[in-house]
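Here's the structure we're looking at; comments come further down.
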Amino acid sequence: MDVLASAPAPATVVEACLEDGFALGAGGGLRIAAAGGCGALLVGGEAFAWRPWEAGPAASSAAAAAGGMMEEDGKGGGRRRRRRLLNDKGQWEVGKEAFALLGLLWPRPDLLILGLGPEIRPLSPATRQAISDLGMRVEVLDTRNAASQYNLLATERGVDDVAAALIPIGWKEGAE
(Lines give C-alpha, C1' and ligand atoms only; values in the text may rest on other atoms or scores of the structure.)
Protein backbone atom coordinates (compact mmCIF):
# COMPACT_ATOMS: atom_id res chain seq x y z
CA MET A 1 0.00 0.00 0.00
CA ASP A 2 1.47 3.35 -1.07
CA VAL A 3 0.34 5.89 1.52
CA LEU A 4 1.96 8.76 -0.42
CA ALA A 5 0.30 7.90 -3.76
CA SER A 6 -2.22 10.72 -3.44
CA ALA A 7 0.31 13.27 -2.16
CA PRO A 8 1.48 15.69 -4.85
CA ALA A 9 5.18 15.55 -5.63
CA PRO A 10 7.09 18.75 -4.85
CA ALA A 11 8.14 20.92 -7.80
CA THR A 12 11.77 20.32 -6.83
CA VAL A 13 11.58 16.53 -6.93
CA VAL A 14 14.80 15.08 -8.36
CA GLU A 15 13.81 13.06 -11.41
CA ALA A 16 17.35 12.12 -12.49
CA CYS A 17 20.92 12.50 -11.28
CA LEU A 18 23.12 13.29 -14.28
CA GLU A 19 26.90 13.32 -14.66
CA ASP A 20 26.90 17.14 -14.83
CA GLY A 21 23.71 18.14 -13.02
CA PHE A 22 20.12 17.16 -12.29
CA ALA A 23 16.70 16.89 -13.90
CA LEU A 24 14.13 18.36 -11.54
CA GLY A 25 10.35 18.58 -11.35
CA ALA A 26 7.60 16.24 -12.46
CA GLY A 27 8.66 14.88 -15.82
CA GLY A 28 12.18 16.33 -15.47
CA GLY A 29 11.08 19.68 -16.89
CA LEU A 30 13.88 21.67 -15.25
CA ARG A 31 17.50 20.76 -15.75
CA ILE A 32 20.31 22.19 -13.64
CA ALA A 33 23.57 21.68 -15.50
CA ALA A 34 26.38 23.80 -16.82
CA ALA A 35 29.82 23.42 -18.32
CA GLY A 36 31.92 21.64 -15.76
CA GLY A 37 28.84 20.48 -13.86
CA CYS A 38 26.63 22.23 -11.39
CA GLY A 39 25.29 21.10 -8.06
CA ALA A 40 21.80 21.82 -6.77
CA LEU A 41 20.59 23.40 -3.56
CA LEU A 42 16.94 22.51 -3.01
CA VAL A 43 15.23 24.49 -0.28
CA GLY A 44 11.74 25.82 0.38
CA GLY A 45 10.38 24.46 -2.90
CA GLU A 46 13.03 26.35 -4.92
CA ALA A 47 16.08 25.06 -6.79
CA PHE A 48 19.37 26.92 -6.96
CA ALA A 49 22.55 26.16 -8.87
CA TRP A 50 25.20 25.34 -6.27
CA ARG A 51 28.96 25.26 -6.83
CA PRO A 52 30.74 24.97 -3.49
CA TRP A 53 34.00 24.31 -5.37
CA GLU A 54 34.04 27.85 -6.73
CA ALA A 55 35.65 30.10 -4.19
CA GLY A 56 35.23 33.83 -3.90
CA PRO A 57 37.92 36.30 -2.83
CA ALA A 58 37.28 35.84 0.89
CA ALA A 59 37.48 32.08 0.57
CA SER A 60 40.70 32.32 -1.46
CA SER A 61 42.54 34.26 1.23
CA ALA A 62 41.11 32.08 3.98
CA ALA A 63 42.14 28.92 2.17
CA ALA A 64 45.63 30.27 1.52
CA ALA A 65 45.97 31.08 5.22
CA ALA A 66 44.76 27.58 6.08
CA GLY A 67 47.52 25.99 4.04
CA GLY A 68 46.05 25.47 0.59
CA MET A 69 42.82 23.70 -0.27
CA MET A 70 42.79 25.67 -3.56
CA GLU A 71 43.69 24.75 -7.11
CA GLU A 72 44.41 27.01 -10.06
CA ASP A 73 42.28 26.54 -13.16
CA GLY A 74 43.90 27.97 -16.29
CA LYS A 75 40.81 27.39 -18.45
CA GLY A 76 40.07 30.09 -21.03
CA GLY A 77 43.40 31.87 -20.70
CA GLY A 78 42.43 33.29 -17.30
CA ARG A 79 42.98 31.87 -13.88
CA ARG A 80 40.31 31.26 -11.32
CA ARG A 81 40.39 29.67 -7.93
CA ARG A 82 38.77 26.29 -7.49
CA ARG A 83 38.32 24.91 -4.02
CA ARG A 84 39.10 21.30 -3.32
CA LEU A 85 36.21 19.57 -1.61
CA LEU A 86 38.34 16.98 0.19
CA ASN A 87 40.86 17.93 2.82
CA ASP A 88 44.13 16.07 3.48
CA LYS A 89 42.31 13.60 5.74
CA GLY A 90 39.82 12.65 3.00
CA GLN A 91 36.98 14.51 4.73
CA TRP A 92 34.50 16.59 2.74
CA GLU A 93 35.19 20.20 3.67
CA VAL A 94 33.67 23.46 2.47
CA GLY A 95 33.51 26.85 4.14
CA LYS A 96 30.42 28.21 5.80
CA GLU A 97 29.89 30.49 2.77
CA ALA A 98 28.76 27.38 0.83
CA PHE A 99 25.65 27.39 3.02
CA ALA A 100 25.12 31.17 3.11
CA LEU A 101 21.73 30.94 1.38
CA LEU A 102 20.45 28.71 4.18
CA GLY A 103 21.51 31.35 6.69
CA LEU A 104 19.12 33.83 5.08
CA LEU A 105 16.05 31.63 5.53
CA TRP A 106 13.64 31.78 8.39
CA PRO A 107 12.33 29.40 9.44
CA ARG A 108 15.11 27.12 8.30
CA PRO A 109 14.59 23.51 7.34
CA ASP A 110 15.22 21.07 10.16
CA LEU A 111 17.31 18.69 8.04
CA LEU A 112 19.94 19.17 5.33
CA ILE A 113 20.61 16.15 3.15
CA LEU A 114 24.07 16.30 1.57
CA GLY A 115 24.72 14.30 -1.58
CA LEU A 116 28.50 14.22 -2.00
CA GLY A 117 28.74 12.85 -5.52
CA PRO A 118 29.42 9.20 -6.36
CA GLU A 119 30.51 8.19 -2.86
CA ILE A 120 30.00 8.97 0.80
CA ARG A 121 32.74 10.85 2.63
CA PRO A 122 32.92 11.91 6.26
CA LEU A 123 32.32 15.61 6.92
CA SER A 124 35.12 17.66 8.42
CA PRO A 125 34.41 18.96 11.92
CA ALA A 126 34.41 22.55 10.58
CA THR A 127 31.78 21.76 7.92
CA ARG A 128 29.64 19.87 10.40
CA GLN A 129 29.91 22.83 12.81
CA ALA A 130 28.93 25.34 10.07
CA ILE A 131 25.73 23.36 9.41
CA SER A 132 25.07 22.91 13.12
CA ASP A 133 25.47 26.66 13.67
CA LEU A 134 22.53 27.12 11.29
CA GLY A 135 20.43 24.98 13.63
CA MET A 136 20.14 22.15 11.13
CA ARG A 137 20.77 18.44 11.36
CA VAL A 138 22.73 16.86 8.52
CA GLU A 139 22.51 13.52 6.76
CA VAL A 140 25.40 12.57 4.47
CA LEU A 141 24.84 10.21 1.53
CA ASP A 142 26.04 9.61 -2.01
CA THR A 143 24.10 11.83 -4.43
CA ARG A 144 21.72 9.20 -5.84
CA ASN A 145 20.61 8.07 -2.38
CA ALA A 146 20.47 11.67 -1.14
CA ALA A 147 18.15 12.61 -4.03
CA SER A 148 15.91 9.64 -3.27
CA GLN A 149 15.84 10.51 0.45
CA TYR A 150 15.05 14.16 -0.34
CA ASN A 151 12.19 13.15 -2.66
CA LEU A 152 10.67 10.92 0.01
CA LEU A 153 11.02 13.40 2.88
CA ALA A 154 9.96 16.45 0.83
CA THR A 155 6.80 14.58 -0.21
CA GLU A 156 6.17 13.21 3.27
CA ARG A 157 7.10 16.22 5.44
CA GLY A 158 6.99 19.09 2.96
CA VAL A 159 9.67 21.19 1.29
CA ASP A 160 9.85 23.62 4.22
CA ASP A 161 11.18 20.96 6.61
CA VAL A 162 13.93 19.44 4.49
CA ALA A 163 16.65 20.80 2.20
CA ALA A 164 19.18 19.09 -0.06
CA ALA A 165 22.61 20.13 -1.27
CA LEU A 166 23.67 17.84 -4.10
CA ILE A 167 26.98 17.45 -5.96
CA PRO A 168 26.71 15.93 -9.47
CA ILE A 169 27.52 12.22 -9.68
CA GLY A 170 30.23 12.93 -12.25
CA TRP A 171 32.20 15.20 -9.87
CA LYS A 172 35.82 14.21 -9.50
CA GLU A 173 38.25 16.03 -7.25
CA GLY A 174 40.66 18.10 -9.33
CA ALA A 175 38.92 17.34 -12.66
CA GLU A 176 37.78 20.06 -15.05
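The values are calculated or read from the model by the stated rules, or taken from the named source; none is laboratory data. Note that the structure is a prediction, hence the values are computed from the model and not measured. Note: ideal-geometry Cβ built from the backbone for every residue, glycine included; neighbour counts use all protein chains shown. In case anyone asks, the SASA skips ligands and DNA or RNA and just uses the protein heavy atoms, side chains included. Shrake-Rupley method; radii C 1.70, N 1.55, O 1.52, S 1.80 Å.
Some values worked out for this structure:
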item	result
Flag for R31 being at pLDDT below 90, under 18 Å from A130 (Cα atoms), of a type in the set (K, R) and surrounded by fewer than 20 Cβ atoms within 10 Å (Cβ to Cβ)	no
Any hit, the range 156-176, residues being touching an Asp or Glu at 6+ places or on another chain (Cβ under 6 Å), open to solvent by 50 Å² or more (accessible area, probe 1.4 Å) and not polar (S, T, N, Q)	yes
Some residue of the range 35-56 being under 19 Å from T143 (Cα atoms), part of a loop (DSSP other than H, G, I, E, B), at pLDDT 60 or above and open to solvent by 70 Å² or more (accessible area, probe 1.4 Å)	no
Helices (runs of 4 or more DSSP H) lying entirely in the range 72-176 (those with 2 or more residues that are at pLDDT 95 or above and within 20 Å of F22 (Cβ to Cβ))	143-157
Residue list for the range 118-133, filter: of a type outside the set (S, T, Y) and either farther than 16 Å from L101 by Cα or surrounded by fewer than 17 Cβ atoms within 10 Å (Cβ to Cβ) (or both)	P118, E119, I120, R121, P122, L123, P125, A126, R128, Q129, D133
